[in-house]
Amino acid sequence: MQGRLIYLMGPSGSGKDSLLQAARAPLEAHGCRFARRVITRSAESVGEDALGVTPAEFERLEGEGAFALSWRANGLAYGIPREIDDWLSAGQDVLINGSRGHLEVARQRYPQLLAILLQVDEAVLRQRLLARGRETPEQIEQRLARSRELQAGVASSPLPFMGEGPGERADQADTITLDNSGPLPQTVSRLLHLLDEARQCA
Ligand SMILES: Nc1ncnc2c1ncn2[C@@H]1O[C@H](COP(=O)(O)OP(=O)(O)OP(=O)(O)O)[C@@H](O)[C@H]1O
Ligand SMILES: O=P(O)(O)OC[C@H]1O[C@H](OP(=O)(O)O)[C@H](O)[C@@H]1O
């Protein structure tokens with residue numbers, strides 16, 4: 001049986017990378033795989049363990065079909081390596097750090113995709129982004145503006161309601177909202193719980 005793609009998305013600074021890191025060991029213990037992204041960002045920059053490439057290298061890789069999914073946002077290009085298709089074909093579930101702006105394309109390619117939207121209040125987001133210090137204050141404001149625009153799009157999507165559990169809300173078919181305004185360990189246990197309920201990585 002084909003594995004399922006679990007597509008974690010949310011505003012810059014909402015904690016996608018922190019959550020993926022913290023949940024990695026327990027989920028891998030249940031057979032879940034994690035994709036390492038390719039990003040046109042220098043390898044030294046703070047954050048996830050991504051492969052940093054130049055824009056020219058990215059274009060070449062993309063042209064060669066090296067990516068299962070790729071998108072542009074925040075002045076950068078992002079790629080998810082094609083090897084995730086081998087993992088999915090082998091029946092393994094795969095977690096990726098996705099983009100809200102690319103969700104519909106990803107859904108077309110992976111109709112069974114489970115989307116998880118991580119959310120945090122804007123004031124907390126700004127604080128976390130400033131404290132992380134990876135972007136300039138101007139870039140941070142641009143990221144917050146992008147989040148407001150994309151949030152308006154997600155909120156107006158007329159898809160059916162699924163149900164809710166503590167700290168999570170299903171806004172549309174196969175999109176679950178997970179709040180990360182509180183302590184990270186709480187969000188980790190909610191993620192594990194909801195994946196267990198959805199019978200992913202179980
Ligand atoms: N629950 C939390 N409580 C306090 N701080 C948190 C929490 N979750 C994440 N953070 C902090 O917030 C900052 C942003 O988190 P992180 O880099 O994981 O976000 P992200 O969604 O991956 O952002 P981006 O999309 O820009 O890479 C980090 O400095 C991280 O340590
Ligand atoms: O705004 P949207 O489309 O959701 O996401 C755009 C991209 O920005 C963030 O990356 P990072 O902050 O550069 O690590 C996300 O991880 C995503 O890949």
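Derivation of every value follows stated rules applied to the coordinates shown; laboratory data play no part. Keep in mind the model is a prediction, meaning the values are calculated, not measured. All Cβ positions, even for glycine, are placed from backbone atoms using ideal geometry, and neighbour counts span all protein chains on display.
Key figures
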item: Long-range amide H partners of Asp179 with built H, under 5 Å; result: Gln119
item: Thr187, Thr40, Thr54 arranged by Cβ crowding within 10 Å, fewest neighbours leading; result: Thr54, Thr40, Thr187
item: By average C-beta atoms within 10 angstrom, highest first, the peptides 139-152, 84-97; result: 84-97, 139-152
item: Phi-based couplings in Hz for region 80-97 (Karplus 6.51, -1.76, 1.60; Gly and Pro marked x); result: 9, x, 4, 4, 4, 5, 5, 4, 5, 5, 7, x, 8, 7, 10, 9, 10, 8
item: Cα gyration tensor, region 10-84 - rounded (a/c under 1.5), prolate or oblate; result: oblate
item: Simple label model, 7 Å out from Cα along Cβ direction - Asn74 to Asp196, nm; result: 3.1
